[in-house]
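One structure is given below, encoded as structure tokens.
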Amino acid sequence: MQTEKLTIVPPGRALSGAVNPPGSKSITNRALLLAGLAKGTSRLTGALKSDDTRYMADALRAMGVSIDEPDATTLVVTGSGQLNPPAGPLFLGNAGTATRFLTAAVALGNGRFVVDGDEHMRKRPITPLVAALRSLGVDIEAPSGCPPVTVQGTGSFTSHHVVVDAGLSSQYVSALLMAAPCSGKPFTVELAGDDIGARGYIDLTLAAMRAFGASVEQVTPSIWSIEPTGYRATDFHIEPDASAATYLWGVEALTGGKIDIGTPASDFTQPDAKAFNVISAFPDMPTVIDGSQMQDAIPTIAVMAAYNNTPVRFIGIANLRVKECDRVRALSLGLNAIHDGLAREEGDDLIVASDPGLAGKTCPAEIDTFADHRIAMSFALAGLKTAGITILDPKCVGKTYPGYWDALASLGVSYEQEIPR
């Protein structure tokens, strides 16, 4: 089967202009779920409309939630306060947020729910969340340890204190936190140990919950107490996507240009905004970069590291192996396709050798994106400096940033496109 290909033509000049990144995927999917669990009509503005959020919206519609889309960035959500069993499985593509969040939410429904995804989602672990829900008395099965997950909901939990292993993903914690206000009794979520994925995403969850009327208190760094308030419908504005902004910050740094994205880096509440200071240091980025609290920004920074003045070791990135693809491996393979020896893996660390001399050269390289939007978007940055960089399956960016290629084109980037016949 032939694959669509997109080769980036290096612009050979500084790129400047204005680009408005799409709304935050992380916040949009949180707001969609909470609005769906609320009784009444909520208006979400600044929302992202992409594959991931479309899967969440369609799943909510299948469970009786009304969602209207009056314009390109607005969602009007009307819920009854409960999710009804759908006619068939809820198909969520490779949307990790939607899959994890809904698995916990439907556990408080009455009836049978099947949460499923595509071939990539079926390789992404969900056992810690399943185990946590089972400890609450939920009839739940995920035989492979990944989706599909089958839940037979009874409308309540038999326990109201849960301990969850969040070492693989903070999304397990967020999923339980968001379900908790609908459980009917005061509820406690506790971490098993101190390991957690990007903790900043928990802060996003808590902020969204509070905006929709929840009462939640962080008792200790590993314990949260939630009151049984349910959710109330509200109007909610979604900030731009910080992960998407990292590519535009990267374009600016790599080409010496100036790009106005409409929002100062300091105004973002998302964890990936921490990447701004690292990216701004290019070509003298730190020799060691801890990616644990800005995981989705690491592909951007890793590709930029190829042109840094000194090698960079990325640590704290083990969780990248269980994202849409094994991103540590995908980054290593892609960088070495550009120039052999440019990257290597040591355990779960990634070491990028760096070679500023690659700028201005031609290095024919086909980048296997593994259907991962972040691999496609990050390696496009290499194409700004080095000729011959070809992105396979470029449309996979539709997962979170459908207008990405148009955004780069608006700044003066051109492409050579090969579409299979």
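The values are calculated or read from the model by the stated rules, or taken from the named source; none is laboratory data. These numbers were taken from a predicted model, which means no experiment stands behind them. All Cβ positions, even for glycine, are placed from backbone atoms using ideal geometry, and neighbour counts span all protein chains on display.
Residues are listed down the side, and each one gets a yes or a no for (1) in contact with a Ser or Thr (Cβ under 8 Å, 6 or more places away or on another chain); (2) outside the structural domain of Ala275 (by TED's automatic domain parsing); (3) at pLDDT 95 or above; (4) within 18 Å of Ala305 (Cα to Cα):
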residue: Asp326; (1), (2), (3), (4): no, no, yes, no
residue: Ser354; (1), (2), (3), (4): yes, no, yes, yes
residue: Gly357; (1), (2), (3), (4): no, no, yes, yes
residue: Pro364; (1), (2), (3), (4): yes, no, yes, no
residue: Ala376; (1), (2), (3), (4): yes, no, yes, yes
residue: Ala380; (1), (2), (3), (4): no, no, yes, yes
residue: Thr386; (1), (2), (3), (4): yes, no, yes, yes
residue: Lys395; (1), (2), (3), (4): no, no, yes, no
Legend entry - Residues (in contact with a strand residue (DSSP E or B) (Cβ under 8 Å, 6 or more places away or on another chain) and within 19 Å of Met377 (Cβ to Cβ)) located in the stretch 313-328: Phe314, Ile317, Val328
Inset, instruction - Return only the number of the condition from (1) among the β-branched types (Val, Ile, Thr); (2) under 23 Å from Ala98 (Cβ atoms); (3) out of contact with any Asp or Glu (no Cβ under 8 Å at 6 or more places or on another chain); (4) modelled with pLDDT of 95 or more that Ile289 does not satisfy. - result: (2)
Inset, instruction - Just name the residue that is surrounded by the fewest Cβ atoms within 10 Å (Cβ to Cβ) out of those in the stretch 126-143 that are outside any helix (DSSP H, G or I) and within 23 Å of the chain's Cα centre (by Cα). - result: Ala142
Legend entry - Breaking point among (1) in contact (Cβ under 8 Å) with a residue 12 or more places away in the chain; (2) part of a loop (DSSP other than H, G, I, E, B); (3) within 25 Å of Glu416 (Cα to Cα), for Thr7: (2)
Legend entry - strands (runs of 3 or more DSSP E) within the stretch 177-283 that include 1 or more residues within 30 Å of Ala407 (Cβ to Cβ): 235-237, 258-260
Inset, instruction - State which residue is farthest from Val130 (Cα to Cα) when the search covers only the stretch 86-109 and only residues that are of a type outside the set (Gly, Ala, Ser) and in contact (Cβ under 8 Å) with a residue 60 or more places away in the chain. - result: Asn94
Legend entry - Subset of the stretch 195-230 (residues that are at pLDDT below 95 and either of a type in the set (Gly, Ala, Ser) or in contact with a His (Cβ under 9 Å, 6 or more places away or on another chain) (or both)): Gly197, Ala198, Gly200, Ser222
Legend entry - Counted residues, the stretch 387-421 - those being over 25 Å from Ile261 (Cα atoms), more than 21 Å from the chain's Cα centre (by Cα) and surrounded by fewer than 22 Cβ atoms within 10 Å (Cβ to Cβ): 9
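Here is a yes/no grid of residues against (1) closer than 25 Å to Met294 by Cα; (2) touching an Asp or Glu at 6+ places or on another chain (Cβ under 9 Å); (3) in contact (Cβ under 8 Å) with a residue 12 or more places away in the chain:
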residue	(1), (2), (3)
Arg122	yes, yes, yes
Ile126	yes, no, yes
Leu136	no, no, yes
Asp139	no, no, yes
Ala142	no, no, yes
Gln152	no, yes, yes
Ser156	no, no, yes
His160	no, no, yes
Inset, instruction - Restrict the check to the stretch 35-42 and report whether at least one residue is more than 22 Å from Pro228 (Cα to Cα) and in a loop (DSSP other than H, G, I, E, B). - result: no
Legend entry - Residue within the stretch 248-268 that is closer than 24 Å to Pro299 by Cβ, surrounded by fewer than 18 Cβ atoms within 10 Å (Cβ to Cβ) and hydroxyl-bearing (Ser, Thr, Tyr) present: yes
Legend entry - Qualifying residue in the stretch 291-298 (condition: of a type in the set (Gly, Ala, Ser), within 27 Å of Leu411 (Cβ to Cβ) and either out of contact with any Ser or Thr (no Cβ under 6 Å at 6 or more places or on another chain) or assigned by TED's automatic domain parsing to the domain that holds Ala208 (or both)): yes
Inset, instruction - Given the conditions (1) crowded, with 21+ Cβ neighbours inside 10 Å; (2) without any contact (Cβ under 8 Å) to a residue 12 or more places away in the chain, report the number of the one that Val115 does not fulfil. - result: (2)
Inset, instruction - Count, please, the residues in the stretch 290-335 that happen to be of a type in the set (Ser, Thr, Tyr), in contact with a Gly (Cβ under 7 Å, 6 or more places away or on another chain) and buried (at least 23 other Cβ atoms within 10 Å of the Cβ). - result: 1
